[in-house]
Amino acid sequence: MNLLIVRKNRRAKNLRLSVNKQGQPVLTIPFLCPKWYALRWAEKQKGWIQKHTFSPTTFAPEQIISLCGQNYTLKHNPKQRGNTINDSEIVIGSDSAFFNRRVRDLVKKEFLSFLKKQVPFYAQKLDVQFKHISLRDTSSRWGSCSSSGTLSFCWRLALAPDFVIHYLIAHEVSHLKHMDHSASFWKTVATLTPDTMRAKSWLKHHAKELQIG
């Protein structure tokens, strides 16, 4: 089993497994629950742990990434100030020590700009209003919609195929109409995208590929 981080929580009511930003499994234990009992329970969850944990990687020169549905080759030019994007390359300037951080910041900036165009498009189709769009750094949740109308997306979703990104946008925008996962909700999602099952399948089998940066 992967190295398990064990945490006792006075507010926890049940045993719970999650994954932190470093890809490690975290076992949350109710305060009065014996540790030996919790570890025995976690031992039975090996399949879940192996499926959801990961080893984070970093961006590197000559790597090909998908950004908002388009492929780019990452390049490094230490003599260049700032970053540039053309049809096929993303060129990162400055010292190589900052390469990963600069790519990550660029991906976030481009993705937020993309979302600010696409979310209103889908919201208009459903005649719903949203309040705000934000990016999060989460390891197991790709998007969320608050009751106040704030839509949040994991920034790593920017690296997924185009049909996956659009499915997640359609999914969260549909929550502005149905704050649940009822049959009505899924019918609404279907009016916005035909790729629900295809996107779900991709995320099920390839989600770890997005754990980069």
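Read the figures in this text as sums done on the coordinates, not as results from a lab. The structure presented is a predicted model; accordingly, all values stated were derived computationally and were not measured. As a convention, Cβ positions derive from the backbone with ideal geometry for all residues, glycine included, and neighbour counts pool all protein chains shown.
Structural remarks
- The single residue among ILE64, ILE49 that is of a type in the set (A, V, I, L, M), in contact with a Pro (Cβ under 6 Å, 6 or more places away or on another chain) and at negative phi turns out to be ILE49.
- Residues of the range 90-110 satisfying the condition of being surrounded by 14 or more Cβ atoms within 10 Å (Cβ to Cβ) and in contact with a strand residue (DSSP E or B) (Cβ under 7 Å, 6 or more places away or on another chain): ILE90, VAL91, ILE92, GLY93, PHE99, ARG102, VAL103, LEU106, VAL107, LYS108, GLU110
- Every condition in (1) in contact with a strand residue (DSSP E or B) (Cβ under 6 Å, 6 or more places away or on another chain); (2) more than 16 Å from ILE212 (Cβ to Cβ); (3) not in a strand (DSSP E or B) holds for LEU27 except the one numbered (3).
- Residues satisfying the stated conditions in the range 38-84, i.e. aliphatic (A, V, I, L, M), touching a residue at least 24 places away in the same chain (Cβ under 8 Å) and assigned to a strand (DSSP E or B): ILE65, LEU67, LEU74
- Residues in the range 129-144 that are hydrophobic (A, V, I, L, M, F, W, C), surrounded by fewer than 20 Cβ atoms within 10 Å (Cβ to Cβ) and in contact (Cβ under 8 Å) with a residue 24 or more places away in the chain were compared, and the one that is farthest from LYS117 (Cα to Cα) is LEU135.
- Residues of the range 182-213 that turn out to be of a type outside the set (Val, Ile, Thr), more than 21 Å from THR138 (Cα to Cα) and either in a loop (DSSP other than H, G, I, E, B) or touching a residue at least 40 places away in the same chain (Cβ under 8 Å) (or both), as a count: 4
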